[in-house]
Structure formats: C-alpha cells, structure tokens
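Everything below concerns the one structure shown next.
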Amino acid sequence: MFANPLAYAQETAQAIEDTAEQTEDQKLETFFAEIFQRDIANSPTFQAQLGMKTQRYGEWDDFSDAEVVRQYEETQQDLARLRAEIDREQLSESSQVSYRIFEFLQERAIAGHPYRFHGYAFSTMNNPVTFPVTFMQNIHRVDNVSDAEAYISRLNGLKTVGEQLIEGVDMAAERGIVPTSFSFDPVIKDAQNVLAGAPFDDSEEDSAILADFRGKVSALEIDDTEKHRLMDEAVAALEGPFQQTVMSFIAKVESLRGQSQGAHGVWALPEGKAYYESRVNFWTTEKNLTAKEIHKTGLKEVKRIRGEMKEIMATVGFKGSLQAFFEFLRTDPSNFFPNTPEGKQAYLDQSKAYIDAIYDDVDKYFNILPKAPLEVRAVEEWREETAPIAFYNRPTPDGSRPGIYYVNLKDMTTKQKHEMETVAYHEGAPGHHFQIAIQQELTGVPMFQKFAFFGAYTEGWGLYSERLAKEEGRFTDPMQDFGRLQNEMLRAARLVVDTGVHSKRWSREKSIKYMLDNNPMTEEDATKEIERYIDLPGQALSYKIGMIKILALRDKAKAELGDDFDIRDFHDVVLKSGAVALPILEELIDAYIAGEKAEAA
C-alpha cells in the first residue's frame, strides 16, 4: 500500500529518470507517473479522498468551464504523446493492458467533451449543495488544529465554488439545457435542509455541517480557548460564505423552473439524439451497441425472468397471477421492518449479517480479498430526498476510511425484506466492495489504474455478484431468491425503459407503469428509479450489459478449459487489472484461456 500517492508518483518518476537506459515499460511508467502526479496536484478534493493532506488541504477544485476546457486540451495532448512516444508492441503484457486502459479513458473523455453542458447541473441524483457537506463529513479528517483551519478554509472557499457552479448553470441554460421539471422540488428541499439548525436559525440543535465540525474539534486534545476560536471562525464562515452560497444556488434553481424541458428524455434537448448515443457508448463501453439492440435484449431478459419468478411463486404456494403476487409483496405488513428507529437498525443489522456470512467460505471462490474493512450505514436524514436507494462509498487506499454500504432508510414501507439480501451482496460483498477496494489495493500497476472507472464493468460486477452469491449457496429462502430475481428484473427492465424514454420517446408515466408491471417495487421507488434514468441517461444500461458480458466470458472459459477451469482464477483475471472497458476484459479472458491451454499442453 501507499500512504501518499503524490510522493509515490514523484519517487517513481525520479527513480526511472535516473535509469541510464529505459525499457519501453519504464518509459510508459514514467509517462503515467508524470500525468498522475500532475492530475492529483490539480485536485485537492481527490487528494483528500485518497487520505492525503497537502498544502492544498483547505482548498476545492476549480469547477469552472475554463478549467474543463483546459483539461480537455491537456487530454488531447496526453493521448497524442502516448501514441508518439510509446511503442505498444515493445511493452510487456501487463503494460499493454495499462496502455489500453489509459488510451480508452482519454478517447472517451475527448468524445464526451462536446456534450459537457448536457449533464444536468442538478437533478434527483445530483445536488451540488449537499456534496460539500457530505465531503466534509466523510472525507475531511481533523486530526489537529491545522486540519480544523483547513476545514474552515474550505467553508469560506465555497463562495468561489458556488459562483463557478452558477456560471455553469447559466451557460447550459443559454444552450437550451435546463434540468427536468421533477428535479426542482427535491433539490431545493435538500438544499434547505443544509441550512436547518444552528447557526442558520434559532434552533438549539446544530445543523449537520456545524455538528460535524463541532464533533471533530471537540475530539482534539487542545485547550478550550483554542476550541472556542475555531468554533467562532467556523460559525462566521457558515453564516457568511457558506449560507450565501446555498441561498444563491436555491435562488438560481427557482429562477429556472419556467425554462425546464419538462419530464422528457434527452431527445427533447438540443442534439439530444447524438448525446444519448454518446451516453450509451460511455456507460456500456461497447461501441457497436445501439439503443434498438439494447431495447430488444431487455425485452428478452424481462420475459425470461418473469418465467423464473412464476416458478418461485408456485414454490411458495401463492395462488393467483404474477401481478397479484407483486401487489401482495408491496402491501403485506410482514414484508417490512417497522418504520421506527428500531426497525431501521434491524435492517442495518441484518444487512451486515448477510455480508459477514459471505466471508465464511469466500476462499472457495476468491484467491484475493480486499484488505479494507466494510461498514453498513444509513444515509443521513438531511440528504435522504436526493440520495439513491442504496450505494457504495469507496475506502481510502491506505484503509484509514472503510468502504461504506449506504442504504436510504427514509421510508421503511418501501424497503421490502425479501430483497435486502441481494442489495447487501451487490453494494457490499462480494460486489462493489470486493471490486473497488481490491482495485485500489493493486500492486505493480500505474496509479491511475487504481481509480479508473468503467460503468459496465463496475455495475456488471455488482450484478454478477448477486448471481455468484446464489451459486455459492446463498438465498436458501425462496423469497430471498425471489428478491434476487426482482433485482435482476429491475436491471433487465432498465434496458427497456432507459432506451424507451431517451430513444423511443416514452413518457415518464409509461416508463413507471412498465416498471410496476414487471416488478413488485412500490410506486414511490418506481418513480424515483425512472426519474433517475431520465436525469442520468445511459447509466441504467451498465448493470445488465456488464453482467451479460462477464457471464458470457465465464461460459466461454468453462467451455474451452473444461476440468481445468477454476472460478477463483477466473475472478483473479476479472479483478487483477482493476476496472476495464468490456472489450479489454474480453482480451484479458482470451489471454487467460490461451495461457491455461498452453500450460496444460
């Protein structure tokens, strides 16, 4: 492991520079170290996410469009340098993989640049006002007075960040790109929640941000006079730049209501068709997949899963239609924990128990396990309106902050017991925690590779993990297995509704109805899901497309290797390079198959 990635990059670059005659691998390593060092130096927020404390610990990134353009031009130069300075054919096998990953990332960033204003500045999935608060709570550590002063500096620095945000909102609106109509109320509500409590009102209870700072300062072993000074400065920052930024953002959001394109897919935006095609490519990483093909695949998968659902329905002895069974699951009181603090804690405890059980015989399926610990937490109440139903927060590379499986427990009447096991495996173990933590803990790969992101790979692994847990002997309760199918159905239906709403111009209402016709989720959850897909085009495709690819590659390896196939070795290959585009994953599996055959010959 590394304690300081920036120092690592500097040391690596210097060590290789000192080598009299570089190999092609060393030249590539120098190139990657230089770029990683440059990029991380430009991002104080990324430094903090890595657990680093530098001279820029009290700063934010530059979020202006001018900076976005500068980075775009830099990306073009990086790609040109890679191709001009490095002879790919002279690289080792592992270095060729790193070359391909970096090349794919740069090409994707360049292709997406013309649509940089199409990604909504705020949405049901993205509230830029809540981000700083969660960042300070979860990322900004306070171990001494200097860290506390850096915290205050960040609070004051939000004035510039807010100005850059509003400038971006205005630039998008000038181009006819304004967020969806259903995003306004929840975004404003959560923004207002940020200002609930002291020092923003007469409440005796601290706001979330002040409570966080107070708790961190109280834990410091310093005299009371120093603590009072820090608290006074924090309150001044909160009542000044922080509060002004939030209020300015709320006012800007309110001013745009009349300009919203409505509740439509991105087909309603300028260049909407081309933008959606770019999003399909971004999220699936498969350049030849079309919306029409994906829609057909989704319909086929929905039909298959409905059949398997009916089999379980028969097993548990339910008499009636599948739709009637869905309604039973939505309304049966025994299918929910109480909507109380005790009920919420019971949900968290059971989720942790499912994850703990995975580790009992995990060595049958994995050779390598993540070193970072995993925690299960409820989403903080103040950001429940715009937080996803469930999600994973990556740990720090050095393990000082654990991986976190977050679950939104805003309303327990929407949390069906029979699906909680599946969600725990997807977000926790062996899902996102295994893949993402292991990626960050890789050795012998360039630093950028530890943090590369490809949606179809990451979410495909999460969905594949649900199937793997079934194969490991989990889901012994038929209803929990139905929950697994319910979640797979959700991902299959996503292929249908995402392409439906953005390519076939389905309405929000038609899409919600399709989800309810094929899944026992509540109408509230179905609505939230559809609004998410409308706000984040293409992302919903990544789960099923990625899972289909991983399963197809596993079937291929099994067929070609026969008795020599070992699922642990297969998982090693899938995970050993970190997140990769699906075409690169296929290359890795093909090389693995060829290597195993050669060894057996």
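Would you say residue 535 is outside the structural domain of residue 108 (by TED's automatic domain parsing), at pLDDT 95 or above, acidic (Asp, Glu) and in contact with a strand residue (DSSP E or B) (Cβ under 8 Å, 6 or more places away or on another chain)? It would help to see each step written out before you state the result.
Working: outside the structural domain of residue 108 (by TED's automatic domain parsing): yes; at pLDDT 95 or above: yes; acidic (Asp, Glu): yes; in contact with a strand residue (DSSP E or B) (Cβ under 8 Å, 6 or more places away or on another chain): yes.
The answer is yes for residue 535.
Tell me yes or no: at least one residue of the range 510-529 is at pLDDT below 95, over 19 Å from residue 307 (Cβ atoms), in a loop (DSSP other than H, G, I, E, B) and of a type outside the set (A, V, I, L, M, F, W, C).
Yes; the residues of the range 510-529 include at least one that is at pLDDT below 95, over 19 Å from residue 307 (Cβ atoms), in a loop (DSSP other than H, G, I, E, B) and of a type outside the set (A, V, I, L, M, F, W, C).
Looking at 413, 386, 396, which is the one that is over 24 Å from residue 49 (Cβ atoms) and outside the structural domain of residue 189 (by TED's automatic domain parsing)? Lay out the reasoning, then the answer.
Details: 386 fails: over 24 Å from residue 49 (Cβ atoms); 396 fails: over 24 Å from residue 49 (Cβ atoms).
Just a single option satisfies the conditions, and that option is 413.
Kindly indicate whether any position in the range 441-449 is closer than 26 Å to residue 298 by Cα, out of contact with any Leu (no Cβ under 7 Å at 6 or more places or on another chain), outside the structural domain of residue 30 (by TED's automatic domain parsing) and not hydroxyl-bearing (Ser, Thr, Tyr). Step through it out loud before you land on a result.
First, pick out the residues of the range 441-449 that are closer than 26 Å to residue 298 by Cα: none.
Looking through the range 441-449, none of the residues is closer than 26 Å to residue 298 by Cα, out of contact with any Leu (no Cβ under 7 Å at 6 or more places or on another chain), outside the structural domain of residue 30 (by TED's automatic domain parsing) and not hydroxyl-bearing (Ser, Thr, Tyr).
Report whether or not residue 327 is surrounded by fewer than 17 Cβ atoms within 10 Å (Cβ to Cβ) and touching a Pro at 6+ places or on another chain (Cβ under 9 Å).
Working: surrounded by fewer than 17 Cβ atoms within 10 Å (Cβ to Cβ): yes; touching a Pro at 6+ places or on another chain (Cβ under 9 Å): yes.
In short, yes.
Within the range 543-563, is even one residue at pLDDT 95 or above, not in a helix (DSSP H, G or I) and not aromatic (Phe, Trp, Tyr)?
Our first condition is that a residue be at pLDDT 95 or above; within the range 543-563, this holds for 543-563.
From what is left, the residues that are not in a helix (DSSP H, G or I) are none.
Within the range 543-563, not a single residue is at pLDDT 95 or above, not in a helix (DSSP H, G or I) and not aromatic (Phe, Trp, Tyr).
Report, ordered by the first and then the second residue, all pairs with beta carbons closer than 6 Å, sequence separation of six or more or different chains, a first member in the range 230-244 that is within 15 Å of residue 191 (Cβ to Cβ), and a second member that is of a type in the set (A, V, I, L, M) and part of a helix (DSSP H, G or I).
Between residues of the range 230-244 that are within 15 Å of residue 191 (Cβ to Cβ) and residues that are of a type in the set (A, V, I, L, M) and part of a helix (DSSP H, G or I), the close pairs are 242/155; 242/158.
Go through (1) under 30 Å from residue 195 (Cβ atoms); (2) outside any loop (DSSP other than H, G, I, E, B) and name the single condition residue 387 misses.
Single failed check for residue 387: (2).
So which residues in the range 197-249 are surrounded by 17 or more Cβ atoms within 10 Å (Cβ to Cβ) and among the β-branched types (Val, Ile, Thr)?
Hits for the range 197-249 are 209, 217, 235, 245, 246.
Which ones in the range 516-552 are farther than 17 Å from residue 263 by Cα and among the polar types (S, T, N, Q)?
Of everything in the range 516-552, those that are farther than 17 Å from residue 263 by Cα and among the polar types (S, T, N, Q) turn out to be 518, 519, 522, 539, 542.
When you go through 257, 279 one by one, which is the residue that is in contact (Cβ under 8 Å) with a residue 12 or more places away in the chain, outside the structural domain of residue 169 (by TED's automatic domain parsing) and under 30 Å from residue 505 (Cβ atoms)? Please lay out each step first, then the result.
On the way: 257 fails: outside the structural domain of residue 169 (by TED's automatic domain parsing).
Every option except 279 fails the conditions.
Given (1) within 20 Å of the chain's Cα centre (by Cα); (2) among the aliphatic types (A, V, I, L, M); (3) part of a helix (DSSP H, G or I), identify the lone condition not met by residue 97.
Status for residue 97: all satisfied but (1).
What single numbered condition from (1) in contact with a Pro (Cβ under 7 Å, 6 or more places away or on another chain); (2) modelled with pLDDT under 95 fails to hold for residue 176?
(2) is the only condition that residue 176 fails.
Hey, residue 351 hits all of (1) in the same structural domain as residue 519 (by TED's automatic domain parsing); (2) more than 30 Å from residue 567 (Cα to Cα); (3) within 28 Å of the chain's Cα centre (by Cα) but one; which does it fall short on?
Exception for residue 351: condition (2).
Please list, ordered by first then second residue, the pairs with beta carbon atoms under 8 Å, 6 or more apart or interchain, first in the range 282-293 and without any contact (Cβ under 8 Å) to a residue 60 or more places away in the chain, second crowded, with 19+ Cβ neighbours inside 10 Å.
290/280
Just name the residue that is surrounded by the fewest Cβ atoms within 10 Å (Cβ to Cβ) out of those in the range 24-38 that are out of contact with any Leu (no Cβ under 7 Å at 6 or more places or on another chain) and without any contact (Cβ under 8 Å) to a residue 40 or more places away in the chain.
Applying the filter and picking the extreme gives 38.
Can you say whether residue 195 is within 28 Å of residue 391 (Cβ to Cβ), touching a Phe, Trp or Tyr at 6+ places or on another chain (Cβ under 7 Å) and in the same structural domain as residue 244 (by TED's automatic domain parsing), as far as the supplied structure shows?
Details: within 28 Å of residue 391 (Cβ to Cβ): yes; touching a Phe, Trp or Tyr at 6+ places or on another chain (Cβ under 7 Å): no; in the same structural domain as residue 244 (by TED's automatic domain parsing): yes.
Considered against the rule, which asks whether it is within 28 Å of residue 391 (Cβ to Cβ), touching a Phe, Trp or Tyr at 6+ places or on another chain (Cβ under 7 Å) and in the same structural domain as residue 244 (by TED's automatic domain parsing), residue 195 comes out as no.
Could you list, in sequence order, all residues of the range 425-476 that are of a type in the set (Lys, Arg) and either closer than 20 Å to residue 100 by Cβ or under 14 Å from the mean Cα position of the chain (by Cα) (or both)?
So the first thing to find is which residues in the range 425-476 are of a type in the set (Lys, Arg), and the list is 450, 467, 470, 474.
450 - this is the single residue of the range 425-476 that is of a type in the set (Lys, Arg) and either closer than 20 Å to residue 100 by Cβ or under 14 Å from the mean Cα position of the chain (by Cα) (or both).
In this structure, is residue 100 at pLDDT 95 or above, assigned by TED's automatic domain parsing to the domain that holds residue 23, surrounded by 16 or more Cβ atoms within 10 Å (Cβ to Cβ) and within 28 Å of residue 128 (Cβ to Cβ)? Full working, then the answer.
Working: at pLDDT 95 or above: yes; assigned by TED's automatic domain parsing to the domain that holds residue 23: yes; surrounded by 16 or more Cβ atoms within 10 Å (Cβ to Cβ): yes; within 28 Å of residue 128 (Cβ to Cβ): no.
In short, no.
The values are calculated or read from the model by the stated rules, or taken from the named source; none is laboratory data. Note that the structure is predicted; figures quoted are calculated from it, not measured. Please note: Cβ atoms are built from the backbone with ideal geometry, for glycine as well, and neighbour counts cover all protein chains shown.
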